[in-house]
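The values are calculated or read from the model by the stated rules, or taken from the named source; none is laboratory data. Please read these numbers as outputs of a predicted model, since none were measured by experiment. Cβ placement follows ideal geometry from the backbone for every residue including glycine, while neighbour counts extend to all protein chains displayed.
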Amino acid sequence: MEIGQRVKIYRLRDRVSAATAAKLGQTGLIQGYKITDGMGVGVVVLFDDNYSTWFFEDELKVV
């Protein structure tokens, strides 16, 4: 996955806020990366409504 690619949120691995859960099934633009816990890398996604949060790569599909 690369910065600038459009992705769809197709699953949520952990419990998340209601605002983030509402993004399930929506598409957004990869804005950057985030080190999660020293063992993994998260992907920061920006949505059309300017809401931005990060997801694990296995929660996303490139569209």
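Restricting the search to the stretch 11-26, which residues are within 13 Å of LEU60 (Cα to Cα) and surrounded by 13 or more Cβ atoms within 10 Å (Cβ to Cβ)?
Step one: filter the stretch 11-26 for residues within 13 Å of LEU60 (Cα to Cα), giving 11-13, 23-26.
Scanning the stretch 11-26 gives LEU12, LYS23, LEU24, GLN26.
Select from the stretch 45-62 the residues that are out of contact with any Ser or Thr (no Cβ under 6 Å at 6 or more places or on another chain) and of a type in the set (A, V, I, L, M) and write down the one among them that is surrounded by the fewest Cβ atoms within 10 Å (Cβ to Cβ). Don't jump to the end; show me each part of the working.
Quick first cut of the stretch 45-62, residues out of contact with any Ser or Thr (no Cβ under 6 Å at 6 or more places or on another chain) only: 45, 47-52, 54-62.
With the extra rule that they be of a type in the set (A, V, I, L, M), the set shrinks to 45, 60, 62.
Details: VAL45: 26, LEU60: 21, VAL62: 11.
Checking each candidate, the answer is VAL62.
Name the residues in the stretch 11-20 that are outside any loop (DSSP other than H, G, I, E, B) and not hydrophobic (A, V, I, L, M, F, W, C), would you?
Correct list: THR20 only.
Within the stretch 1-36, which residues are farther than 13 Å from TYR51 by Cβ, of a type in the set (S, T, N, Q) and in contact with a Phe, Trp or Tyr (Cβ under 9 Å, 6 or more places away or on another chain)?
Of everything in the stretch 1-36, just one residue is farther than 13 Å from TYR51 by Cβ, of a type in the set (S, T, N, Q) and in contact with a Phe, Trp or Tyr (Cβ under 9 Å, 6 or more places away or on another chain), namely THR36.
Is it the case, given these coordinates, that ILE9 is in contact with a helix residue (DSSP H, G or I) (Cβ under 7 Å, 6 or more places away or on another chain) and either basic (Lys, Arg) or at pLDDT 90 or above (or both)? Even if it seems obvious, please write down each step before you answer.
Values: in contact with a helix residue (DSSP H, G or I) (Cβ under 7 Å, 6 or more places away or on another chain): yes; either basic (Lys, Arg) or at pLDDT 90 or above (or both): yes.
Against the criterion (in contact with a helix residue (DSSP H, G or I) (Cβ under 7 Å, 6 or more places away or on another chain) and either basic (Lys, Arg) or at pLDDT 90 or above (or both)), ILE9 qualifies.
For residues in the stretch 37-63 being small (Gly, Ala, Ser) and assigned to a loop (DSSP other than H, G, I, E, B), which is modelled with the lowest pLDDT? Steps first, please.
Start the filter on the stretch 37-63 by keeping residues that are small (Gly, Ala, Ser), which leaves 38, 40, 42, 52.
Among the residues that remain, those that are also assigned to a loop (DSSP other than H, G, I, E, B) are: 38, 40.
On the way: GLY38: 71, GLY40: 81.
Taking the candidates together, the pick is GLY38.
Could you identify the single residue in LYS34, LYS23, LYS8 that is assigned to a loop (DSSP other than H, G, I, E, B) and in contact with a strand residue (DSSP E or B) (Cβ under 8 Å, 6 or more places away or on another chain)? Step through it out loud before you land on a result.
On the way: LYS34 fails: assigned to a loop (DSSP other than H, G, I, E, B); LYS8 fails: assigned to a loop (DSSP other than H, G, I, E, B).
Result: LYS23 is the single residue among LYS34, LYS23, LYS8 that is assigned to a loop (DSSP other than H, G, I, E, B) and in contact with a strand residue (DSSP E or B) (Cβ under 8 Å, 6 or more places away or on another chain).
Can you list residue pairs whose Cβ atoms sit under 7 Å apart, with the first residue in the stretch 17-30 being in contact (Cβ under 8 Å) with a residue 24 or more places away in the chain and the second being part of a loop (DSSP other than H, G, I, E, B) and of a type in the set (D, E, K, R)? Count only pairs 6 or more apart in sequence or on different chains.
From residues that are in contact (Cβ under 8 Å) with a residue 24 or more places away in the chain, the pairs are ILE30/GLU2.
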